[in-house]
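Student: Sending over a structure as structure tokens; questions will come in a sec.
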Amino acid sequence: MTKLIEQAFELAKQRYADIGVDVDQAMARLDSVPISMHCWQGDDVRGFENPQGALTGGIQATGNYPGKARSAAELRADLEKAMSLIPGPKRLNLHAIYLESESPVDRDAIEPKHFANWVEWAKQQKLGLDFNPSCFSHPLSADGFTLSHADPAIRQFWIDHCKASRRVSAWFGEQLGTPSVMNIWVPDGMKDLTVDRLAPRQRLLSALDEVIAEKLNPQHHIDAVESKLFGIGAESYTVGSNEFFMGYATSRQTALTLDAGHFHPTEVISDKISTAMLYVPRLLLHVSRPVRWDSDHVVLLDDETQAIASEIVRHQLFDKVHIGLDFFDASINRIAAWVIGTRNTKKALLRALLEPTERLRQTEAAGDYTARLALLEEQKSLPWQAVWEAWCLRHDVPADASWLSDVRHYEQQILNQR
């Protein structure tokens with residue numbers, strides 16, 4: 001098998017060289033692009049603060065596949081298994097509800113010490129960590145409002161939670177030598193007709209300004225803000241709309257988060273990347289797959305995933321775009337979901353790196369749109385899979401679907417015993 005892969009790779013290198021693509025250079029670039037895997041796929045967004053509590057905030061994990069992680073130790077073990085089957089660099093994205101504490105800690109009182117085990121684990125695994133305040137599934141978010149809440153005391157609780165989260169995030173960056181990207185998303189909104197749409201947005205604006213007022217070292221921490229179209233229970237009005245957060249990120253020069261499921265069904269974030277980069281210093285992408293709504297299905301190697309990767313590569317945005325994943329499917333093996341989605345995202349990046357972009361750009365500039373379309377379509381059939389398989393071998397992970405047998409064995413030995 002290895003010999004066949006190596007032979008196919010050498011032939012693929014020649015095919016790509018014929019159209020002016022340096023395969024070794026593409027693989028080297030792919031080696032420098034980490035994907036931030038999301039911890040919440042492993043336990044259906046429950047966390048360890050109150051894992052039996054209801055999941056709220058307009059999000060939903062469906063299914064009851066056996067073996068979800070019940071503790072941080074189990075979650076870390078599951079992540080290690082998934083990461084062992086995924087080639088190339090990775091990061092881990094944590095939510096605040098994944099803290100570890102022997103006694104109850106409310107969210108406005110979280111501290112770095114509550115995530116010390118995660119940092120030690122990240123050091124062992126050679127990973128960077130990213131972070132998120134958790135503004136959902138809490139008694140003080142039960143009416144659908146957090147940072148824009150009309151009650152000053154409740155609003156201050158969420159402000160203090162986000163402030164505490166920033167300090168945790170900065171500690172991650174300091175400890176691990178790579179900045180933590182901290183994303184602020186709030187579920188605030190209303191189910192039905194809303195009379196006063198302005199006041200909640202005024203409160204959200206003021207609250208966010210208070211949250212980010214403390215200056216933190218950008219080598220340790222990066223602020224990001226995320227919009228959403230709607231959620232369950234917030235179908236008619238979302239305080240943190242696209243216009244709100246695009247304006248906020250632009251005026252405050254924070255990073256802007258674009259989630260593939262947070263827009264109208266016919267909108268795609270791939271088309272928003274180049275526009276947003278004109279106005280904000282950085283982007284955080286939540287690569288996901290909406291099916292009719294923001295359903296957070298496992299990422300496929302589909303047209304939109306490919307288009308997102310192509311935008312990053314074509315405009316050389318590697319230092320300005322942070323790539324994270326955001327899906328949670330409880331209807332299938334959760335480790336397999338991580339592996340499928342992350343491998344697909346990396347495949348899309350590799351395919352984009354193997355595109356003869358400069359040749360296509362020259363063809364477009366010359367007005368030869370016939371050649372542009374022909375070349376775009378023909379390059380889809382080039383042997384990128386042979387390059388992918390060789391890259392997997394270099395990282396000592398399965399090059400094909402044989403990784404599934406490893407997951408099945410882990411399921412039988414570990415997951416089914418939970």
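Student: Sort out which residues of segment 13-41 are crowded, with 21+ Cβ neighbours inside 10 Å, of a type in the set (Gly, Ala, Ser) and either over 19 Å from the mean Cα position of the chain (by Cα) or modelled with pLDDT under 95 (or both), and write them in order of number. Before you say what the answer is, go through the steps one by one.
Tutor: Step one: filter segment 13-41 for residues crowded, with 21+ Cβ neighbours inside 10 Å, giving 16, 21, 23, 26, 30, 35-41.
Subset that is of a type in the set (Gly, Ala, Ser): 26, 36.
Of everything in segment 13-41, just one residue is crowded, with 21+ Cβ neighbours inside 10 Å, of a type in the set (Gly, Ala, Ser) and either over 19 Å from the mean Cα position of the chain (by Cα) or modelled with pLDDT under 95 (or both), namely Ala26.
Student: So which pairs qualify, if the first residue must be in segment 60-72 and under 13 Å from Val298 (Cβ atoms), the second must be among the β-branched types (Val, Ile, Thr) and surrounded by 17 or more Cβ atoms within 10 Å (Cβ to Cβ), the Cβ gap must be under 9 Å, and the two must be at least 6 apart or on different chains?
Tutor: Here the result reads Ala61/Val45, each pair linking segment 60-72 to a residue that is among the β-branched types (Val, Ile, Thr) and surrounded by 17 or more Cβ atoms within 10 Å (Cβ to Cβ).
Student: A follow-up question, please. Determine which member of the set Phe131, Phe136 is among the hydrophobic types (A, V, I, L, M, F, W, C), closer than 28 Å to Asn344 by Cβ and in a strand (DSSP E or B).
Tutor: Selected residue: Phe131, the only one of Phe131, Phe136 that is among the hydrophobic types (A, V, I, L, M, F, W, C), closer than 28 Å to Asn344 by Cβ and in a strand (DSSP E or B).
Student: Continuing with this model, one more query. Of the residues Val280, Val291, Val298, Val287, only one is within 20 Å of Gly63 (Cβ to Cβ), in contact with a strand residue (DSSP E or B) (Cβ under 8 Å, 6 or more places away or on another chain) and modelled with pLDDT of 95 or more; which? Break it down stepwise before answering.
Tutor: Details: Val280 fails: within 20 Å of Gly63 (Cβ to Cβ); Val291 fails: modelled with pLDDT of 95 or more; Val287 fails: within 20 Å of Gly63 (Cβ to Cβ).
So the residue among Val280, Val291, Val298, Val287 that is within 20 Å of Gly63 (Cβ to Cβ), in contact with a strand residue (DSSP E or B) (Cβ under 8 Å, 6 or more places away or on another chain) and modelled with pLDDT of 95 or more is Val298.
Student: In addition: Evaluate segment 251-274: report whether one residue or more is surrounded by fewer than 16 Cβ atoms within 10 Å (Cβ to Cβ), without any contact (Cβ under 8 Å) to a residue 40 or more places away in the chain and under 19 Å from Gln60 (Cβ atoms).
Tutor: Checking segment 251-274: at least one residue is surrounded by fewer than 16 Cβ atoms within 10 Å (Cβ to Cβ), without any contact (Cβ under 8 Å) to a residue 40 or more places away in the chain and under 19 Å from Gln60 (Cβ atoms).
Student: Here's a check for you: in segment 131-146, which residue that is in contact with a Pro (Cβ under 9 Å, 6 or more places away or on another chain) and touching a residue at least 60 places away in the same chain (Cβ under 8 Å) is surrounded by the fewest Cβ atoms within 10 Å (Cβ to Cβ)? Working first, answer last.
Tutor: Taking segment 131-146 as the starting set, the residues that turn out to be in contact with a Pro (Cβ under 9 Å, 6 or more places away or on another chain) are 135-136, 141, 144-146.
Cutting the leftovers down to touching a residue at least 60 places away in the same chain (Cβ under 8 Å) gives us 135-136, 141, 144-145.
On the way: Cys135: 24, Phe136: 20, Ser141: 23, Gly144: 22, Phe145: 25.
Only one residue fits best here, namely Phe136.
Student: Surrounded by fewer than 19 Cβ atoms within 10 Å (Cβ to Cβ), at pLDDT 95 or above and under 16 Å from the mean Cα position of the chain (by Cα), is that true of Phe318? Outline the logic, then answer.
Tutor: Working: surrounded by fewer than 19 Cβ atoms within 10 Å (Cβ to Cβ): yes; at pLDDT 95 or above: yes; under 16 Å from the mean Cα position of the chain (by Cα): yes.
Against the criterion (surrounded by fewer than 19 Cβ atoms within 10 Å (Cβ to Cβ), at pLDDT 95 or above and under 16 Å from the mean Cα position of the chain (by Cα)), Phe318 qualifies.
Student: Still on this structure, please answer the following. Could you say which residue among Ser165, Ser137, Ser169 is on the phi > 0 side of the Ramachandran plot and either over 17 Å from the mean Cα position of the chain (by Cα) or of a type outside the set (A, V, I, L, M) (or both)? Spell out how you get there, then give the answer.
Tutor: Values: Ser165 fails: on the phi > 0 side of the Ramachandran plot; Ser169 fails: on the phi > 0 side of the Ramachandran plot.
Going through Ser165, Ser137, Ser169 in turn, the sole match is Ser137.
Student: Could you list all residues from segment 222-273 that are charged (D, E, K, R) and part of a loop (DSSP other than H, G, I, E, B)? So that I can check it myself, show each step before the final result.
Tutor: Taking segment 222-273 as the starting set, the residues that turn out to be charged (D, E, K, R) are 223, 226, 228, 235, 243, 252, 259, 267, 271-272.
Within segment 222-273, Lys228, Glu235, Glu267, Lys272 meet the criteria.
Student: In the list Leu176, Leu208, Leu216, which residue meets the criterion of being touching a Gly at 6+ places or on another chain (Cβ under 6 Å), surrounded by 15 or more Cβ atoms within 10 Å (Cβ to Cβ), within 28 Å of Phe115 (Cβ to Cβ) and in contact (Cβ under 8 Å) with a residue 24 or more places away in the chain? Step through it out loud before you land on a result.
Tutor: On the way: Leu208 fails: touching a Gly at 6+ places or on another chain (Cβ under 6 Å); Leu216 fails: touching a Gly at 6+ places or on another chain (Cβ under 6 Å).
Every option except Leu176 fails the conditions.
Student: Something else: Does segment 88-107 include one or more residues that are more than 25 Å from Ala142 (Cβ to Cβ), under 22 Å from the mean Cα position of the chain (by Cα) and in a loop (DSSP other than H, G, I, E, B)?
Tutor: Yes; the residues of segment 88-107 include at least one that is more than 25 Å from Ala142 (Cβ to Cβ), under 22 Å from the mean Cα position of the chain (by Cα) and in a loop (DSSP other than H, G, I, E, B).
Student: Select from segment 348-370 the residues that are of a type outside the set (Asp, Glu) and outside any helix (DSSP H, G or I) and list them in ascending order.
Tutor: Looking only at segment 348-370, we keep the residues that are of a type outside the set (Asp, Glu), and these are 348-354, 356-357, 359-363, 365-367, 369-370.
Selection gives Leu354, Pro356, Ala366, Gly367.
Student: Of all residues in segment 42-76, which are at pLDDT 80 or above, on the phi > 0 side of the Ramachandran plot and under 21 Å from the mean Cα position of the chain (by Cα)?
Tutor: Scanning segment 42-76 gives Asp44, Val45, Gly47.
Student: Within segment 148-164, is even one residue in contact (Cβ under 8 Å) with a residue 40 or more places away in the chain, in a helix (DSSP H, G or I) and either among the acidic types (Asp, Glu) or surrounded by fewer than 16 Cβ atoms within 10 Å (Cβ to Cβ) (or both)? If you could, list the steps in order and put the result at the bottom.
Tutor: First, pick out the residues of segment 148-164 that are in contact (Cβ under 8 Å) with a residue 40 or more places away in the chain: 148-150, 155, 157-164.
Filter once more, so that each one left must be in a helix (DSSP H, G or I): 155, 157-164.
So of that shortlist, the ones also either among the acidic types (Asp, Glu) or surrounded by fewer than 16 Cβ atoms within 10 Å (Cβ to Cβ) (or both) come out as 160.
Yes.
Student: So, one more: Looking at segment 371-390 only, could you name the residues that are of a type in the set (Lys, Arg) and within 16 Å of Leu301 (Cα to Cα)? Spell out how you get there, then give the answer.
Tutor: The initial filter retains those residues of segment 371-390 that are of a type in the set (Lys, Arg), namely 372, 380.
Listed by number, the list holds a single entry, Lys380.
Student: Considering only residues of segment 174-217 that are over 27 Å from the mean Cα position of the chain (by Cα), assigned to a loop (DSSP other than H, G, I, E, B) and among the hydrophobic types (A, V, I, L, M, F, W, C), which is modelled with the lowest pLDDT?
Tutor: Ranking the qualifying residues of segment 174-217, first place goes to Leu193.
The values are calculated or read from the model by the stated rules, or taken from the named source; none is laboratory data. Values in this document were obtained by computation on a predicted structure and should not be read as measured data. Cβ atoms come from the backbone with ideal geometry, glycine included; neighbour counts cover every protein chain shown.
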